Structure formats: C-alpha cells, structure tokens
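Enquirer: Sharing a structure with you now.
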Amino acid sequence: TEAGRACLTSPAAPIVLAPFRPGGQKALAPAIAPGLGRLGVMLPSSPLHDVLVRACGGPLVMTSGNRSDEPLAWDDAEAVERLTGIADGFLVHDRPIVRAVDDSVLIDCREGPPLPLRRARGYVPDAFVLPRRPEGVGLCLGADLKSAVALVLEDGRTVLSEYLGDMSHPATYRRARATIGDLTKLFDVRPDWIAVDAHPGYVSHRLGRRIARELAGDEVGSLPVFEVQHHHAHLAALLAEHDRVDPIVGIAADGVGFGTDGSAWGGEILVVGPDRARRVGRLRPLRLPGGDAAARETVRCGLSWLVDTVGIDAARRHPASPNLVPDQRRLAALFDVLERDLRCPPSSGLGRLFDAAAAVLGVCRQNRYEAESGQLLEALAGRAKSPPDGTEILPLDGGGTPFEIDHRPLLFALLQGVADGYLVEDLAWFFHDAVADALARAGSRAARAEGLTTVGLSGGVFCNELLTHRVRSRLESRGVEVLTHRRVPPNDGGIALGQAAVVAAGGGSGLA
C-alpha cells in the first residue's frame, strides 16, 4: 500500500511485511515464507547493504544472524562460534558493535495504517509522554517474550527500549541488564520504583525484584515493586498510545497471561482505565494437556477442544480423533491425560483456540515457530472463495460475571464444514469471521452494560490483520469507537509502556 511504501522508504527503513499479489508467491523459491500470505521486504539500511546488493545485481534473501530462538550474535568471535556450520562465510568490520539492535518490523495492512510488530532500529529511543506524570523515576521490566524494558522519567516521558527477545535465554537476560544500564546512564537517573509483570515465574519479574534489592543497597528491604497484571498492561499501553485516561472496554487476546486467579488468561473482556481494570467476560477456558507443550503441538489443543465439546467417551469414538493423532498408542495416552486431568491447566487464551482450529483443519500439527498456526490460517483465509457466514456461531453464555464466549459450537460447525466439502481456505475464513463476530458482540455487550462507547483491541492475537479488521468493522457497525495500536506492538513488546502507564496513574495492584 502507499502507507507501507512510505514506511519502507522512510529513514527508519524497517522490514515491511507486505501482502502477496495474486500469484506473487510463485515467483519465489518454495522455501521463502512457505504457506504465508506476506513477504518481509526491506531496502538497504546501511551503505554496506547497498554495496552488497549492487555487487549481486539483484534482490537478496536475508535472515538474522542467530540460530532459531537465540538472540543476535553481534560480537565477531561469538558469531563465528555460534554460526559455524550454518554460515559459509563471515564479513566482519574493524568497528565493534556497541549495542545490538534488531530490525524493526511493520505489517503493511490492507485496511488501516501499518501495524508495528517489532519496535527496534529506527524507532528507539523515541519517547512516549504518559497522560499522567509518575512520582519519581521508574523502571519497567515488561514481559518475558518479545521483551522490551522502559525507563519512566519524572516529567512523564517514557523511553521504551528496543526489542530484546526471549528473557529465558541467558544472552537475552544479559542484554536486558546491559540495556537497563545504558538507559539509566544515558539519562543520568536512578530508579525510585520498579514495575514487573504479575506472573511470579517470569524471568523479568524476578529480575525486577533483584534490581530493586540491588538499588536499595544498604537500606532495609528494596525499592517499591509494583506488579501489573499482563492484560491490564496490554490495554494500558493502548490507552497511553492514544493519550487517553477515560475508561474503555478492552478486548485482550493473546496466548497466555497470568490472571489474578492464578490461571492462564488470554481471551478477556475488561473494563479498563490506566489505574484499574475489571474482568467482565472471557473465552471459555480450554484445558492444555502437557501445559506449554500444547502451545507447540497444536494437536493437543485440537484433541482437548474435541473432548470439551463432545465429552471423553464420544471423543474416543469420533473420527476426528485419529485424524488429529494417527498413532493409536499416543492418542490413547493423551485421552488418558485428559480423562484424569493430569497436567492439563485451563487457559482462556485465544491463541490456543487458533492452534486447535489449525489442528482440526489439518493446517498445522506443530508450531515450528511462534504463532505459525495463526499465520497459516490467516494466509489461507485470504484465499477464500465462498466461505459460510460466521455470525452468531459462538454464543455468549450466561449473565454472570465474567460471562463466557462458548467456542464449542464452532468446532461442530468446522467439522460439518469439512463433511460438506468446503475448501480449507473457506473454513479458515469462517473461523476468523465467527471469532471476530463473538468478540465484537462481547465488546459491545460490555460497553452497553457499562455505559461506555469505546472498545480497545490489544494482545498478540491482534497482530492478525484479518481478525482485527473483522472485529473493528463489526464494532463500528454497532456505533462503537475502536482503538487499535499504531506506535507500539499489540504483542508483549508494548507491555513495559503499559506498566509505566498503570503505575503513573496510581495502579499496579492487579484486577478485581
């Protein structure tokens, strides 16, 4: 689009994930972006890139200098050690890299402005100004995945760091500590308080508490540490980005976030302001056999969805079961785990429902990289020809608090669609449409009940342009104002900004 082209040619020079034209993918090698609907394109962002492209006489296929799930190898000796066996050669320089900053990534949306997916080179250390000024200087540790930290200055400016990566990796942990040191040295400040995600098991949570003790020195105890619930932070970042302090209804949708009841959340309807939030609705929880293993192996989510929908006995006899898990011994073991409820934590995460649908439709049996199933489903949906209508498929269950979005009828509809001979592309679009319809009805229902007129969309699932567009259009048709992200990613890359906004507004004690 014109907006995507403007970003591509801007001084920031980000990677732009541009949609393929019809048939455009056929011009590429099959190993490039297999099965996806977008291609990451970039222009030379340094003179060296320009020299390489001119020398080669055409476009180059690029990848980052790291193994999968590892941070960038930016030291020459480290790069040779870690990448030998992958790279055939190394081009080094006599100027060492002081600070490793990844390329920024934007999604070129067909509808609306480009969406930031990774905020890094070219965009940091640009500051945000919080709607409310904090007391003292703060340090916000963000989340563990797509980690970024934030330094909050007394005048309300909040400097969000570049994308750091997965905090569970030792190199990312070291990089986060170095980034914190760089920021505090750059602005010549010492934090007066710390903000962390409320999940006690997060590496970032423990690091924040450790820094609070270190900065206290010989003083008794530590600096004040504020815990901010994950989805409150998502939506508070959205409010801060739009310079809003008035309460809104927020739809927070991601894979997992620690809820105030100790369970895994991720498909939540909240009434939220910068200082407080209250959950009024949620996606019906789905048990995850094996816990985190279900996020990697989508068939676990698919089998759990089937058991939840038809019951364990009927699921054992259902023809969809061997399609999900052809190995009879392994299938029996998973049924046993589900029947005995062994290591099957419940999660209301919408990301896991995408995993389940991808497994049921045979699109993705295992996530080789994060959110693979969702990206493949979105790409397929973009090629739909004559999909069924997804309106009113998922009921909003009960009048209690929180009310539930019941996803079980959607499985019946998908299985019936397969039986009726619908193309998988049409069923992928139908899944998106049905989920978007349910989220829009849930958001507008909550807005009416609370006397509000604005609904905000945040969380990693809203990196999905098709879902976001369908939710937005359905809400706007009901007369609702919709807020979406423009400057910070909807994924966990914006959590630190949300933590800053919550603490500055006097919050940070969780949800009611």
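Enquirer: Looking only at region 153-168, count every residue that is at pLDDT 95 or above and over 16 Å from VAL488 (Cα atoms) and tell me the total.
Expert: Residues that pass the stated criteria total 1.
Enquirer: Which ones in region 460-487 are among the aliphatic types (A, V, I, L, M) and surrounded by fewer than 24 Cβ atoms within 10 Å (Cβ to Cβ)?
Expert: Initial filter on region 460-487 (among the aliphatic types (A, V, I, L, M)): 461, 466-467, 471, 475, 480, 482-483.
Scanning region 460-487 gives LEU466, VAL480, VAL482, LEU483.
Enquirer: What pairs can you find where one residue is in region 12-23 and in contact (Cβ under 8 Å) with a residue 24 or more places away in the chain and at negative phi, the other is open to solvent by 30 Å² or more (accessible area, probe 1.4 Å) and among the β-branched types (Val, Ile, Thr), and their Cβ atoms are less than 9 Å apart, with a gap of 6+ or different chains?
Expert: Going by the 9 Å Cβ cut-off, the qualifying pairs are ILE15/VAL41; VAL16/VAL41; LEU17/VAL41; ALA18/THR1; ALA18/VAL41; PRO19/THR1.
Enquirer: For region 397-434, enumerate the residues that are open to solvent by 40 Å² or more (accessible area, probe 1.4 Å) and in contact with a Phe, Trp or Tyr (Cβ under 7 Å, 6 or more places away or on another chain).
Expert: Passing the criteria: only ASP397.
Enquirer: Which condition does PRO247 not pass, out of (1) touching a strand residue (DSSP E or B) at 6+ places or on another chain (Cβ under 7 Å); (2) open to solvent by less than 60 Å² (accessible area, probe 1.4 Å), if it passes all the others?
Expert: Of the numbered conditions (1) touching a strand residue (DSSP E or B) at 6+ places or on another chain (Cβ under 7 Å); (2) open to solvent by less than 60 Å² (accessible area, probe 1.4 Å), the odd one out for PRO247 is (2).
Every residue, every condition in (1) free of Cβ contacts under 8 Å to residues at least 60 places away in the same chain; (2) under 25 Å from LEU497 (Cα atoms); (3) part of a loop (DSSP other than H, G, I, E, B); (4) over 26 Å from the mean Cα position of the chain (by Cα), yes or no:
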| site | (1), (2), (3), (4) |
| --- | --- |
| HIS49 | yes, no, no, yes |
| GLY65 | yes, no, yes, no |
| GLU81 | yes, no, no, yes |
| GLY89 | yes, no, yes, yes |
| HIS93 | yes, no, yes, yes |
| ASP102 | no, yes, yes, no |
| LEU106 | no, yes, no, no |
| CYS109 | no, yes, yes, no |
| GLY136 | yes, yes, yes, yes |
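Enquirer: In addition: Quick check on my filter: what residues within region 68-99 are in contact with a strand residue (DSSP E or B) (Cβ under 9 Å, 6 or more places away or on another chain), closer than 19 Å to HIS169 by Cβ and open to solvent by less than 100 Å² (accessible area, probe 1.4 Å)?
Expert: Result: GLU70, PRO71, LEU72, ALA79.
Enquirer: Now a separate question. Could you list all residues from region 160-219 that are among the small types (Gly, Ala, Ser), touching a residue at least 24 places away in the same chain (Cβ under 8 Å), buried (at least 16 other Cβ atoms within 10 Å of the Cβ) and more than 21 Å from SER104 (Cβ to Cβ)?
Expert: ALA195, ALA198, SER204, GLY208
Enquirer: Here's another thing I want to ask about it. Return the residues of region 460-499 that are under 20 Å from SER104 (Cβ atoms) and not in a helix (DSSP H, G or I); say none if nothing qualifies.
Expert: Taking region 460-499 as the starting set, the residues that turn out to be under 20 Å from SER104 (Cβ atoms) are 460, 462-465, 468, 484-498.
Selection gives ASN464, THR484, HIS485, ARG486, ARG487, VAL488, PRO489, PRO490, ASN491.
Enquirer: Then there is this: Going through region 131-159 one residue at a time, which ones are charged (D, E, K, R) and in contact with a Lys or Arg (Cβ under 9 Å, 6 or more places away or on another chain)?
Expert: Pass one, region 131-159, residues charged (D, E, K, R): 132-133, 135, 144, 146, 154-155, 157.
Listed by number, the residues that qualify are LYS146, GLU154, ASP155.
Residue-wise test of (1) in contact with a Pro (Cβ under 6 Å, 6 or more places away or on another chain); (2) among the charged types (D, E, K, R); (3) not in a loop (DSSP other than H, G, I, E, B).
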| site | (1), (2), (3) |
| --- | --- |
| GLY112 | no, no, no |
| ARG121 | no, yes, no |
| PRO125 | no, no, no |
| ARG132 | no, yes, no |
| LEU183 | no, no, yes |
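Enquirer: Restricting attention to region 442-459, which residues are open to solvent by less than 30 Å² (accessible area, probe 1.4 Å) and not aliphatic (A, V, I, L, M)? Working first, answer last.
Expert: Residues of region 442-459 that are open to solvent by less than 30 Å² (accessible area, probe 1.4 Å), as a first pass: 442-444, 446-447, 454-459.
Across region 442-459, the qualifying residues are GLY443, SER444, THR454, GLY456, SER458, GLY459.
Enquirer: Please indicate, with yes or no, whether at least one residue in region 166-174 is under 25 Å from VAL129 (Cβ atoms) and touching a Gly at 6+ places or on another chain (Cβ under 9 Å).
Expert: Residues of region 166-174 that are under 25 Å from VAL129 (Cβ atoms), as a first pass: none.
Among the residues of region 166-174, not one is under 25 Å from VAL129 (Cβ atoms) and touching a Gly at 6+ places or on another chain (Cβ under 9 Å), which makes the answer no.
Enquirer: I need a count of the residues in region 24-40 that are open to solvent by less than 50 Å² (accessible area, probe 1.4 Å) and out of contact with any Asp or Glu (no Cβ under 8 Å at 6 or more places or on another chain).
Expert: Taking region 24-40 and keeping what is open to solvent by less than 50 Å² (accessible area, probe 1.4 Å), we get 24, 32-33, 35-40.
From what is left, the residues that are out of contact with any Asp or Glu (no Cβ under 8 Å at 6 or more places or on another chain) are 24, 32-33, 35-36, 39-40.
Within region 24-40, residues that are open to solvent by less than 50 Å² (accessible area, probe 1.4 Å) and out of contact with any Asp or Glu (no Cβ under 8 Å at 6 or more places or on another chain) number 7.
Enquirer: Of all residues in region 24-47, which are free of Cβ contacts under 8 Å to residues at least 60 places away in the same chain and within 24 Å of the chain's Cα centre (by Cα)?
Expert: Across region 24-47, the qualifying residues are ILE32, ALA33, PRO34, LEU39, VAL41.
Enquirer: Give LEU350, LEU303 a once-over and let me know the one that is touching a Ser or Thr at 6+ places or on another chain (Cβ under 8 Å) and not acidic (Asp, Glu). First the steps, then the outcome.
Expert: Values: LEU350 fails: touching a Ser or Thr at 6+ places or on another chain (Cβ under 8 Å).
Result: LEU303 is the single residue among LEU350, LEU303 that is touching a Ser or Thr at 6+ places or on another chain (Cβ under 8 Å) and not acidic (Asp, Glu).
Enquirer: If a residue must be out of contact with any Pro (no Cβ under 8 Å at 6 or more places or on another chain) and either open to solvent by 50 Å² or more (accessible area, probe 1.4 Å) or within 16 Å of LEU17 (Cα to Cα) (or both), how many such residues does region 370-395 contain?
Expert: 14
Enquirer: Testing CYS56 on (1) at positive phi; (2) without any contact (Cβ under 8 Å) to a residue 24 or more places away in the chain, one condition comes back false. Which one is that?
Expert: Of (1) at positive phi; (2) without any contact (Cβ under 8 Å) to a residue 24 or more places away in the chain, only one is false for CYS56: (1).
Enquirer: Taking the stated definitions as given, is ARG352 more than 30 Å from LEU457 (Cβ to Cβ), at pLDDT 95 or above and not hydroxyl-bearing (Ser, Thr, Tyr)?
Expert: On the way: more than 30 Å from LEU457 (Cβ to Cβ): no; at pLDDT 95 or above: yes; not hydroxyl-bearing (Ser, Thr, Tyr): yes.
Taking the combined requirement at face value, the residue does not satisfy it.
Enquirer: Taking region 283-339 as the search range and keeping residues that are touching a residue at least 60 places away in the same chain (Cβ under 8 Å) and closer than 20 Å to TYR369 by Cα, which one is most open to solvent (accessible area, probe 1.4 Å)?
Expert: ARG296
The values are calculated or read from the model by the stated rules, or taken from the named source; none is laboratory data. Every value quoted in this text rests on a predicted model; they were computed, and no experiment measured them. We place every Cβ from the backbone using ideal geometry, glycine too, and count neighbours over all the protein chains shown. Keep in mind that these areas ignore ligands, DNA and RNA; they rest on the heavy atoms of the full protein, side chains included. Shrake-Rupley method; radii C 1.70, N 1.55, O 1.52, S 1.80 Å.
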